[in-house]
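Here the structure comes first, spelled out in structure tokens, and everything after it is commentary.
None of the figures in this text is laboratory data; all of them are computed from the coordinates on show. No experiment lies behind these values; they were computed from the predicted model shown. All Cβ positions, even for glycine, are placed from backbone atoms using ideal geometry, and neighbour counts span all protein chains on display.
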Amino acid sequence: MDNLILSPKSPLEPYLVPGRYGVQSTEAGVSLKEMRDFGLVSLTVFKGHYEDLSNSIFNEFGIKLLLNSEISRSEKICFMNIAPGQWLAYSEAFTALDMIAKLEYAVGKLASIVDLSDARAIIELSGPNVHDALAKGVSIDLDESTFSTKHVFCTFAGQLSITFWQSDDGLRVNVAVFRAFGDSLLKWLIASASEFGCDVKI
């Protein structure tokens with residue numbers, strides 16, 4: 001029997017068809033691409049250890065864990081508070097394995113760590129009409145006073161459970177969804193953005 005060789009596959013690769021969707025006559029209001037080669041890790045603090053955990057994260061990464069759906073960032077990693085006592089650690093600089101190793105060293109027995117890097121699809125949106133496209137499906141107020149670079153939201157887009165946040169420069173929005181629903185999110189985003197012209201990139 002031949003040896004079975006497994007290799008990682010992008011959750012959206014079979015569905016991504018690059019090109020312009022919707023309005024053709026103007027510059028694209030929304031550009032869309034799949035994020036790859038990122039690390040995404042869930043961090044859940046054990047009862048009574050928030051202060052210790054926050055101090056440990058600060059010692060390792062130079063930032064403290066914030067509460068109230070806020071994001072703390074360093075140059076290479078961010079921690080997003082998505083629920084009481086729970087954060088998502090996201091990095092485009094560290095691989096998932098590197099993140100797990102660093103977090104295990106920093107956290108010890110203060111929290112549980114779960115690697116979500118292969119369990120989520122993440123789509124990056126950019127352009128002047130990103131908020132307009134998102135507003136068609138989410139019930140979150142996307143005004144800059146409530147949705148800034150320091151905020152993360154977990155909500156629904158139609159029937160899809162999503163998590164979304166802005167990049168540190170405020171020019172991009174990342175939308176994460178369960179891997180199995182990545183194609184549904186992709187279709188919804190393209191349909192919502194077509195009114196403004198949507199460029200799909202690889």
Enumerate the amide H contacts of residue 82 below 5 Å, restricted to partners 5 or more residues apart or on another chain; note that Pro and chain-start residues carry no placed amide H.
87, 88
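Computed FRET efficiency, Cβ-Cβ of residue 55 and residue 24, R0 41 Å: what is it to the nearest 0.05? Spell out each step's value before the answer.
Details: r = 54 Å, r/R0 = 1.32.
Step by step, r from the Cβ atoms, then E = 0.15.
With +1 on the Cβ of every Lys and Arg and -1 on the Cβ of every Asp and Glu, and nothing else charged, how large is the dipole of the chain about its Cα centre, in debye rounded to the nearest 20? Please list the in-between numbers first.
Values: 17 positive and 25 negative charges, 58 e Å.
About 280 debye.
When 142, 6, 110 are ordered from fewest to most other Cβ atoms inside 10 Å of their Cβ, what list results?
Values: 142 15, 6 5, 110 19.
Lowest to highest Cβ neighbour count: 6, 142, 110.
Going by the alpha-carbon gyration tensor, a ≥ b ≥ c the square roots of its eigenvalues, is segment 1-77 rounded (a/c under 1.5) or, if a/c is not under 1.5, prolate (a/b greater than b/c) versus oblate?
Taking the square roots of the gyration eigenvalues as a ≥ b ≥ c, segment 1-77 is oblate.
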What do you get for the angle between helix 50-61 and the principal long axis of the chain? Use alpha-carbon atoms, 0 to 90 degrees, nearest ten.
70
Gyration tensor on Cα atoms of segment 39-115, a ≥ b ≥ c root eigenvalues, a/c under 1.5 rounded, else prolate if a/b beats b/c, else oblate, says rounded
When the Karplus curve 6.51 cos²θ - 1.76 cosθ + 1.60 is applied with θ = phi - 60°, which whole-Hz ³J(HN,Hα) does each residue of segment 71-86 get, with x for Gly and Pro?
10, 10, 10, 10, 5, 10, 8, 9, 10, 10, 7, 9, 6, x, x, 9
How much net charge surrounds residue 101 when only the other residues with a Cβ under 13 Å from the Cβ of residue 101 are counted, with Lys and Arg +1 and Asp and Glu -1?
-3
In nm, to one decimal, how far is the residue 3 label point from the residue 187 one, both placed 7 Å along Cα→Cβ?
4.0
For the chain, find the longest principal axis of its Cα atoms and tell me its angle to the long axis of helix 96-107, 0 to 90°, nearest 10.
30
Sort 102, 9 so that the residue with the fewest other Cβ atoms within 10 Å of its own Cβ comes first and the one with the most comes last.
9, 102
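Give me the tail of P(r) for the chain as a percent: Cα-Cα pairs with distance above 22 Å. Display every interim value, and only then the final one.
On the way: 10211 of 20301 pairs.
When all Cα pairs of the chain are counted, 50 percent exceed 22 Å.
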Step through the table entries 76/150; 76/109; 9/64; 9/201; 64/109; 102/201, compare each Cα-Cα distance with 22 Å, and write down the pairs that go over it.
76/109; 9/64; 102/201
Report, by chain and number, residues whose modeled amide H sits under 5 Å from the one on residue 111, excluding near sequence neighbours (fewer than 5 apart, same chain).
46
Once the Cα atoms of helix 182-193 and of the chain are each reduced to a long axis, what angle between those two axes, in degrees from 0 to 90 to the nearest 10, is obtained?
50
Once amide H atoms are built 1.01 Å from N in the peptide plane, which residues 5 or more positions from residue 66, or in another chain, come under 5 Å H to H?
72
